[in-house]
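Below is one structure; the comments refer to it alone.
The values are calculated or read from the model by the stated rules, or taken from the named source; none is laboratory data. Since this is a predicted model, take the numbers as computed values, not measurements. Positions of Cβ are backbone-derived with ideal geometry, glycine not excepted, and every protein chain shown enters the neighbour counts. Side chains included, ligands, DNA and RNA excluded: accessible areas come from the protein's heavy atoms. Shrake-Rupley method; radii C 1.70, N 1.55, O 1.52, S 1.80 Å.
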Amino acid sequence: MKENSLKKLVYIALMTALIAVGTMVIQIPTPYTKGYINIGDSFIFLSATILGPLAGFVSGGIGSALADLLSGYALWAPWTLVIKGLEGLIVAVLLKKEDKSFSFIVQVAVFVLAALWMVLGYYIGGAFMYGSKAALADVPGNILQGIGSVIIGSVLVASLSKVKYFKDIKRG
């Protein structure tokens, strides 16, 4: 039991780092709310699908907020912690069924739903900090980020789900 808990903790830490790096590798600034477009959500989808709700929430929230802090977007870090944490939780909860394999279409639909939450969450955060007009102006960029992340995340999950190592992680 202890070995399993330690393994899970290591996997969560690894995914947290991967999400932070994935978020920081490509950043396209958005002028109205001073945020940025990135592909970190793809790794949140991967973490949540393979490791489950706790990992989806923790690695998604902390990894993305860490990227904000390290990239000079500290003002967004608290919002990101909640938005991306819930994004990972949404994916994990909707895809969590013991010994059940979901179709590619179902996974994509869940990723789209989580991405829509991300768009809404950042709209709410942007409206609170900069006003609804500025937040609305960033919605297209967040939608673009969501679409890109759904595509990349779907390919990542579909590809890695076939690898024995990842199947074993998912079972354990």
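Observations on the structure shown:
- Where a residue in segment 58-86 is free of Cβ contacts under 8 Å to residues at least 12 places away in the same chain and its partner, wherever it lies, is not hydrophobic (A, V, I, L, M, F, W, C), with Cβ under 9 Å and at least six apart: Ala74/Asp68
- Within segment 40-95, the set of residues being among the hydroxyl-bearing types (Ser, Thr, Tyr) and farther than 19 Å from Val119 by Cβ comprises Ser47, Thr49, Ser59, Ser71.
- Some residue of segment 49-70 being polar (S, T, N, Q) and in contact with a Lys or Arg (Cβ under 6 Å, 6 or more places away or on another chain): yes
- Residues considered: Ala48, Ala13, Ala20. Of these, the only one that is within 23 Å of Leu160 (Cβ to Cβ), open to solvent by 40 Å² or more (accessible area, probe 1.4 Å), modelled with pLDDT of 95 or more and part of a helix (DSSP H, G or I) is Ala13.
- Listing of helices (runs of 4 or more DSSP H) fully contained in segment 58-172 that carry 1 or more residues being of a type outside the set (Asp, Glu) and within 18 Å of Asp41 (Cβ to Cβ): 77-95, 104-130, 132-160
- Options Val110, Val150, Val157, Val119; residue that is crowded, with 17+ Cβ neighbours inside 10 Å, touching a helix residue (DSSP H, G or I) at 6+ places or on another chain (Cβ under 6 Å) and modelled with pLDDT under 95: Val157
- Of residues in segment 23-45 being within 10 Å of the chain's Cα centre (by Cα) and open to solvent by 10 Å² or more (accessible area, probe 1.4 Å), the one farthest from Ala134 (Cα to Cα): Phe43
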